[in-house]
Amino acid sequence: MSLIFDWFFQQYLDVPTHIIILEIVGVVLGLLSAWFSKQDNILIYPTGIISTAIFVYILAYYGLLGDLVINAYYFSMSIYGWYIWTRKVDAEHYTPITTTTSKEKKISILIFVSTLLFIYIIYEIFDKWTSWTAYVDTLTTAIFFVAMWLLARKKLENWLFLLVGNVISIPLYFYKGLIFTSFQFILFVIISVYGYRAWRKNLNIPEKSLLN
């Protein structure tokens, strides 16, 4: 057991204390945001915005360009999602949970392909094809870009994309040395499963409250 703990804390041996504290705070807020998402609660966005802002700073410190781009995108999608979720469809009801339309599926494919191309160009410009993780980063970035767009629009299928991206991210972040973040993705996988089940039960049901 001591070998496990030694390995765990060794990953943070040369990391400044404030970075470690920020990662823990970002992880806690990220988990809260994911939980609020499962609950269909508008608090997903204030917690998520602060969490992603923290991770943009941390990832810039580590030089993890792909991950930084993902979190910057999360930040902008959180602003967009906050607007969509609080928009009323009539005098009393807010935007309900629905499934993707044919048009939205086409847009999802476009987002996925465009993201792959965008990240490829960025990595080429900054010469980031130095590890196998760069290729995995490109894939997870595209997956999460689609997931966050669908989440912002309150589409059930966002959980399926999140589940796939979260599973891939667990070993990826372990490898990168962001151990707390890797543990976060383990919990994200669990929340993704329960989130999908919870949202499926509430499909197309008019919502009068955003604080469930």
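Does any residue of the range 148-155 turn out to be free of Cβ contacts under 8 Å to residues at least 24 places away in the same chain, in contact with a Ser or Thr (Cβ under 7 Å, 6 or more places away or on another chain) and not aliphatic (A, V, I, L, M)?
So far as the range 148-155 goes, no, none of its residues is free of Cβ contacts under 8 Å to residues at least 24 places away in the same chain, in contact with a Ser or Thr (Cβ under 7 Å, 6 or more places away or on another chain) and not aliphatic (A, V, I, L, M).
Which one of 12, 62, 80 is among the aromatic types (Phe, Trp, Tyr) and over 17 Å from residue 179 (Cα atoms)? It would help to see each step written out before you state the result.
Values: 12 fails: over 17 Å from residue 179 (Cα atoms); 62 fails: over 17 Å from residue 179 (Cα atoms).
Among 12, 62, 80, only 80 is among the aromatic types (Phe, Trp, Tyr) and over 17 Å from residue 179 (Cα atoms).
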Of 212, 166, the only residue that is of a type outside the set (Ser, Thr, Tyr) and within 17 Å of the chain's Cα centre (by Cα) is 166
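Listed here are the residues, each with its yes/no results for (1) small (Gly, Ala, Ser); (2) modelled with pLDDT under 90; (3) out of contact with any Pro (no Cβ under 8 Å at 6 or more places or on another chain).
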| residue | (1), (2), (3) |
| --- | --- |
| 12 | no, yes, yes |
| 26 | yes, no, yes |
| 44 | no, no, yes |
| 48 | yes, no, yes |
| 60 | yes, yes, yes |
| 64 | no, yes, yes |
| 68 | no, yes, yes |
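Answer yes or no as to whether residue 122 is surrounded by 15 or more Cβ atoms within 10 Å (Cβ to Cβ), in contact (Cβ under 8 Å) with a residue 40 or more places away in the chain and of a type in the set (Val, Ile, Thr).
yes
On the given criteria, is residue 115 surrounded by 11 or more Cβ atoms within 10 Å (Cβ to Cβ), among the β-branched types (Val, Ile, Thr) and in contact (Cβ under 8 Å) with a residue 40 or more places away in the chain? Full working, then the answer.
Working: surrounded by 11 or more Cβ atoms within 10 Å (Cβ to Cβ): yes; among the β-branched types (Val, Ile, Thr): yes; in contact (Cβ under 8 Å) with a residue 40 or more places away in the chain: no.
The answer is no for residue 115.
Looking only at residues that are of a type in the set (D, E, K, R), in contact (Cβ under 8 Å) with a residue 12 or more places away in the chain and exposed (fewer than 15 other Cβ atoms within 10 Å of the Cβ) in the range 176-212, which one is farthest from residue 133 (Cα to Cα)? Spell out the reasoning first.
Of the range 176-212, the ones of a type in the set (D, E, K, R) are 176, 197, 200-201, 207-208.
Among the residues that remain, those that are also in contact (Cβ under 8 Å) with a residue 12 or more places away in the chain are: 176, 200, 207-208.
Next cut, exposed (fewer than 15 other Cβ atoms within 10 Å of the Cβ) only: 200, 208.
On the way: 200: 34, 208: 44 Å.
Residue satisfying both the conditions and the ranking: 208.
Do we have residue 95 as closer than 22 Å to residue 159 by Cβ, hydroxyl-bearing (Ser, Thr, Tyr) and without any contact (Cβ under 8 Å) to a residue 60 or more places away in the chain here?
Values: closer than 22 Å to residue 159 by Cβ: yes; hydroxyl-bearing (Ser, Thr, Tyr): yes; without any contact (Cβ under 8 Å) to a residue 60 or more places away in the chain: no.
No: the conditions fail for residue 95.
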In this structure, does residue 34 turn out to be over 23 Å from residue 187 (Cα atoms) and small (Gly, Ala, Ser)?
no
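The values are calculated or read from the model by the stated rules, or taken from the named source; none is laboratory data. All figures in this text were calculated on a predicted structure; none of them were measured in a lab. Backbone-built Cβ (ideal geometry, glycine too); neighbour counts: all protein chains shown.
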